[in-house]
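Here the structure comes first, spelled out in structure tokens, and everything after it is commentary.
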Amino acid sequence: MTLTALAITAMIKVIVIISVALLGVAYSTYLERRLLGILQHRIGPIYAGPYGLLQPIADAVKLIFKEDFIPDNVERVTYTLAPVIMFIPALLTFAVIPVGDTITIMGHEIELVISDLNIGILYVFAITSLGVYGIVLAGWSSGSKYSLLGGIRSSAQMISYEIAYGLSIIGVVLLAGTLSLQELVAQQESFFSWYVFRQPVAFILFVVCAVAETNRAPFDLPEAEAELVAGYLTEYSSMKYAMFFMGEYANMLAVSSVATTIFLGGWQGPFLPPVLWFVIKVFLCMCVYIWIRATLPRFRYDQLMNFGWKVLFPLALLNTMVTALIKVL
Amino acid sequence: MNHSLYLIILLPLLGFLLNGLLLGRLKKGFVSFIACASVGLSFVWGVKVFFELLAMPEGARAIQETLFTWIPAGQFQVDFSLLFDPLSSVMVLVVAGVSFIIHIYSIGYMHDDPGFGRYFTYLNLFVFAMLTLVLADNYLLMFVGWEGVGLCSYLLIGFWFEKKSASDAGKKAFIVNRIGDFGFLIGLFIIFWQVGSLNYADVFARAPEVFAVGGGVITAATLLLFLGATGKSAQIPLFVWLPDAMEGPTPVSALIHAATMVTAGVYMIARSNVLFMMAPTTLAVVAIVGLATALMAATIALAQNDIKRVLAYSTISQLGYMFAACGVAAFAAGIFHLMTHAFFKALLFLGSGSVIHAMAGQQDMRYMGGLKKQQPATFVTFFIATLAIAGIPGFSGFFSKDEILWKSFSSDFGSPILWAVGLFTAILTAFYMFRLVYLTFYGEGRMDNHTKAHLHESPKVMTVPLMVLAVLSVIGGYVGIPHVLGGSNRFEQFLHPVMTGLHGGADTSEHVLTSAGHSAGTELTLMIGSVVLILIAIYMAYYLYLKNIDLAGRIRNNLSGVHALLHGKYFVDEIYGALIIRPLINGSLFLWKIIDVFVIDGIANGLASIVGDISTGVRPVQTGTMRTYATMILAGAVVLIGYFIIR
Amino acid sequence: MIPIAHYLILGGLLFAIGAVGVIVSRNLIVMFMSIELMLNAANLAIIAFSRSLNLMDGHVFVFLIMAVAAAEAAVGLAIIIAIFRNRETINADKFNLLRR
Amino acid sequence: MLEVVIFYLSALIAIGGAVLMIAQRNPVASVLYLIVSLAAQAVLYIQLSALFVGALLIIVYAGAILVLFLFVIMLLNLRGEHFEGQDQKVGRITKYVLSGLFFIELVIIVRQLAIPARTDIVSAQTATDFGGVEPVAELLYTKYLFPFELTSVLLLVAVVGAVVMARREKSEKQGGV
């Protein structure tokens, strides 16, 4: 394969994956609203298009045409940058997620991943760790105390849960002996070799931390309406607000993809094409997200911190140690 | 065979540590039990080892025990090792035994003193130091003990430190002793410099090779050692501290300033007999100084009224005797006298303590008298001791003193003049001692009524030690009955192996030992003569101080000049004051007021102000802000890197 | 291949900029960040050397330096917080107690 | 060619970020520029095939240390107005000159260096493996095990120290020291 062909395929892969991801983000909102409606015994959006399928587009149009109000006392640059910073890392995550097996098109073998990085997991962490900046900057630059408190809370929360988040993966990495997501998927060929079975504790930890990392209920303290209005979102409106929303859903998607890849066998599955399996698994993960939101009440802030530091962190450590021990034995 | 010599010194040390560390937390009974038991056990152990020593063949009587290497420095090595040979065995028995008796006595004497625990702590430390001194097998370890006893002496003289005279006396003793110690130390340096070792065995073995007999170096070394001895044993010119040392508790005077510490000098010279025998000049100096001290102290004692001061001068005088013995190369006789003197002088002091105790602290004999009836036990024992010191035949003092007199007459180093002076001193001794006895125990009581009502015999715990010592004062001399009286002088024979200087040097040993050239008849004649003269002196004392007290007063008035001289102790203290202390103070004042204030301070202040001016100039650099410092660091880095680049 | 010297000079430049930051800025936090920048400049040089020598040891050094930097940041920021509580400022020029 | 472009671009961003970092009055902006600069440096690391350390740079610095900085800035609510006052012009210029001199010296040193290319060493790491996780880990857990363990102790001490330093004393509330 020539360099040009390589560049072209890479470009195509990037475009396709980003587009799909963005589409996924848009329809995640629809999914959430519909599913919540069902879970709460109400209807949800059904009027825009068949089954309300055009609802996300309607929302987007509405948000774009809203007035983009920027308060006086904000730090303009960071205020504007914050939503972008929130959104971009989530998209960057997809760069290392293998969405399917190697396929052959026109005699070219093409891996269905943008970049097969052999430190893929590290990359994922590096990128997710940047996500916090969006929130922090949003909170700080808004020049409002609600935003500031929301920002501080959320950064503290994310830093705290990131530790257990990272440690939960270490168990898997220990067993797998690789940091490459590609290889990780390859190792989960059979159903019972999925890491969700081999590292159940790690999976639970991962799920809990992932929910917290994405600021979803029941860990959505940063935007707790009751006490902080809308947290770091308070001063945002229009498209910037939409960016945050998209960022949140993009993050959820990214995390779901990571969970799928690491714990749920990635694109591995019988009968159906691999890509479809991947999509199904991610879809299920998203459903779980929404299900959790619909079911669990919100934590109090001190409970949240205590839970992170005194339960999850020691548990993750323990899991790592036990895994290492078993591995050695 | 393991003799566990270390127990002898370890026990008192343990007692000291126990009492010292738990000071003020133990009951009096317990304190005194610890103190007495440690010394007593030490004595018992000493006796045990002594018998083991006796069981050895005569030539090989020496037990050496190395505990650990104390100073290992290249070639120079000093071990902490002990030596138990005839000489040190005698000293150990005397020191530990007398100490034990005095410890017991002290329980009664110090009973009401608030410093009870402190007292026994010091006392045990003293015994430890003294036994270390005696048992050491090298000069350096001996010096440790030497300084240790000096320290304890200082502490105990100034025991009642709230009394200015006591603390002054303590300081005086310490300072005067330092002068002697300094000489001693330099003497040791010379020996080490020449011989390369401080071990007795090495030094004595190598001395004949290294030193020429009568040479300058050995004379200087021995003279310096003797200077140390004069300090410790209160000889001319360093005797002034001992009379003042009577400020301490009386048992201390008995223990340290009569029986043990002050004899350290004699012991040291006897121990170093090899060296001294090689320096005839020093021997002559020792003899002359000893006898001069003896005579002078005896004359002073004639005119003193303080009971303890009389005894103090008597002690100095008797120590002079011992030195005289050493000076005529009769080291065994010196040690012999040391032993008997330890018994009777300790007894005298303890007896006087008993008297003082009864008199409620009164020490002036002019306010005593007639105590015979109130204190029969004290009187009897005291009287025995007086007979012993006076040299009445049958008592221990007679044998030892006579031995010294005879040796000073007959030895190669002796002469009739020495003998005559010694005899005269002996007569004076008898006189002032009986003066003391008559003034204290006979005649009418001259104390006030309150004291009179208070008079009582001392408790058992004090009188029993007196009796023990009295027995020792009587029989102590029988170990050394001279040949002329049908004995075999076993004491001297026992010590003979140690006195290697006498039979290893140029002299033939037989010559000195048997005093060939003098017939037994001469010895007997001189002995009888001296006894007769002493008896006459006693009668004179009886006549002057009991029969005809007025006459004593008249004599005193007629000879007021002489009396003033004697009463004023020849004004030695004043002479020292004028000759040494005053110039020293003036010199110090000069150094302080002129040199220090103007020159030294001038330099110091000048430097300080220069530095101050410079720092005032540089101070703005010190802004206190981090950034300035960071800038300076960077500047330093730039300069440094620049230097390396350009270089 | 870029010559190794380029990386080194870049490292040196970053280091110098960090030094300027330390000596020019009054803000304790910015000074602190400048120090971090200097550390990283050194790291860059180490990585470059490591590459040119084909030795991995440099990476270990960088790893350790990062750990130290993290520790330093934790303690340093704690100190800054403590200082701020006491003095209500983190202006480095206000701290000249050392002068006395 | 691509390599050169990436290098100069990253170098430019790194330098620009650094300069802007110290030029800002607003500390939050400073932090952001530092992140930019560090990200560019991470690219350079990766260009030098130090993948692991590059990822670490982002995770540790961008993900943790600088968040901490931001956090502190927000906690203290600093907005740049605390730093009034102007340096004397002479002092300022001196500082820049000094730093410039320093840089020039560094360049001279680099120029004087005879940088060896260690082609003679046939190391265990193949070119593809160089800078990966495994070789670094292998060194860390063998040759540099002791320093590595020491680092953990250092971190522990730092954590304890930070907690102690930053903790509000209880007596403080009661008006104590």
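Key figures
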quantity: Loop-located chymotrypsin sites (Phe, Trp or Tyr not before Pro) in the stretch A:1-82, at most 16 other Cβ atoms within 10 Å (DSSP); calculated: A:TYR47, A:PHE69
quantity: Chain lengthening between B:PHE189 and B:LEU551 when straightened (0.36 nm per residue, less Cα-Cα); calculated: 124.7 nm
quantity: Approximate spin-label separation B:ASP112-A:VAL61, in nm, with each point projected 7 Å along Cα-to-Cβ; calculated: 12.1
quantity: Amide proton proximity set for B:LEU67, modelled H, under 5 Å, gap of 5+; calculated: B:PHE80, B:SER81, B:LEU82
quantity: Loop sites in the stretch C:1-93: chymotrypsin sites (Phe, Trp or Tyr not before Pro), DSSP, at most 16 other Cβ within 10 Å; calculated: none
quantity: Projected area averaged over orientations for the stretch C:4-87, convex hull of C-alpha atoms, nm²; calculated: 5.5
quantity: Contact order normalised by residue count of chain C, Cα under 8 Å, 6+ apart, percent; calculated: 27
quantity: Residues A:ILE88 and A:TYR47, FRET efficiency given R0 of 35 Å [Cβ-Cβ distance, rounded to 0.05]; calculated: 0.60
quantity: Neighbour net charge for B:GLU162 - beta-carbon separation under 13 angstrom, K R +1, D E -1; calculated: 0
quantity: Whole-number percent relative contact order across chain A, with pairs defined as alpha carbons under 8 Å at least 6 apart; calculated: 24
quantity: log₁₀ of I(q)/I(0) at q = 0.19, 0.28 Å⁻¹ - the stretch A:26-94, Debye sum with one point per alpha carbon; calculated: -0.91, -1.13
quantity: Cα-based helix-to-principal-axis angle, B:28-54 vs chain B, degrees rounded to 10; calculated: 70
quantity: Placed amide H near B:ASP306: partners under 5 Å, 5+ positions off or other chain; calculated: B:MET365
quantity: Reduced Cα scattering model of the protein assembly as shown, Debye log10 I(q)/I(0), q = 0.04, 0.08, 0.09 Å⁻¹; calculated: -0.51, -0.85, -1.00
quantity: Probe 1.4 Å, protein heavy atoms only - accessible area per residue of chain B in square angstrom; calculated: 40
quantity: Computed E for A:ILE18/A:ILE204 - FRET, C-beta separation, R0 30 angstrom, nearest 0.05; calculated: 0.45
quantity: Rounded to whole Hz, the Karplus (6.51, -1.76, 1.60) HN-Hα couplings of the stretch D:135-152, x for glycine and proline; calculated: x, 4, 4, 4, 5, 4, 8, 10, 5, 10, 4, 5, x, 4, 5, 4, 4, 5
quantity: Principal-axis tilt of helix B:216-233 within chain B, Cα atoms, nearest 10 degrees; calculated: 70
quantity: Interface size A-D, as summed buried accessible area [1.4 Å probe, Å², nearest 100]; calculated: 2100
quantity: Additional length obtainable on full extension of the chain from B:GLN64 to B:ARG647, 0.36 nm per residue less Cα span; calculated: 203.0 nm
quantity: Computed FRET value (nearest 0.05) for A:TYR301 with D:VAL5, which takes r as the C-beta separation and R₀ as 45 Å; calculated: 0.40
quantity: Exposure rule at most 11 other beta-carbon atoms within 10 Å, DSSP loop GluC sites (Glu not before Pro): chain B longest free segment; calculated: B:163-443
quantity: Surrounding net charge for C:PHE15, when Lys and Arg each add one and Asp and Glu each subtract one, Cβ distance under 14 Å; calculated: -2
quantity: Farthest positive-ward along the protein assembly as shown dipole, Cα basis, beta-carbon charges - from B:CYS326, B:LEU544, D:LEU139; calculated: B:LEU544
quantity: Heavy atoms of A:ASP101: accessible area, 1.4 Å probe, square angstrom to 10; calculated: 70
quantity: Loop sites in the stretch A:239-329: chymotrypsin sites (Phe, Trp or Tyr not before Pro), DSSP, at most 15 other Cβ within 10 Å; calculated: A:PHE271
quantity: Computed accessible area, B:VAL31, all protein chains, 1.4 angstrom probe, square angstrom; calculated: 10
quantity: Solvent exposure ordering (accessible area, 1.4 Å, most first) of A:ILE262, B:ILE646, D:ILE93; calculated: B:ILE646, D:ILE93, A:ILE262
quantity: Mean-position separation - Cα centroids, the stretch B:186-215 and the stretch C:33-100, in angstrom; calculated: 69
quantity: Heavy atoms of B:HIS357: accessible area, 1.4 Å probe, square angstrom to 10; calculated: 60
quantity: Derived scalar couplings ³J(HN,Hα) [the stretch A:137-146; Karplus, 6.51 cos²θ - 1.76 cosθ + 1.60; whole Hz; x for Gly, Pro]; calculated: 5, 4, x, 6, 7, 5, x, 10, 5, 5
quantity: Hz values of 3J(HN,Hα) by residue in the stretch A:232-249 - Karplus curve (6.51, -1.76, 1.60), Gly and Pro given as x; calculated: 5, 8, 3, 8, 9, 8, 6, 5, 5, 4, 4, 4, 4, 4, 4, x, 4, 6
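The values are calculated or read from the model by the stated rules, or taken from the named source; none is laboratory data. Computed from a predicted model, the values in this text were never measured in an experiment. Glycine gets a Cβ as well: all are built from the backbone with ideal geometry, and neighbour counts include every protein chain shown. Ligands, DNA and RNA are excluded from the accessible area calculation, which covers all protein heavy atoms including side chains. Shrake-Rupley method; radii C 1.70, N 1.55, O 1.52, S 1.80 Å.
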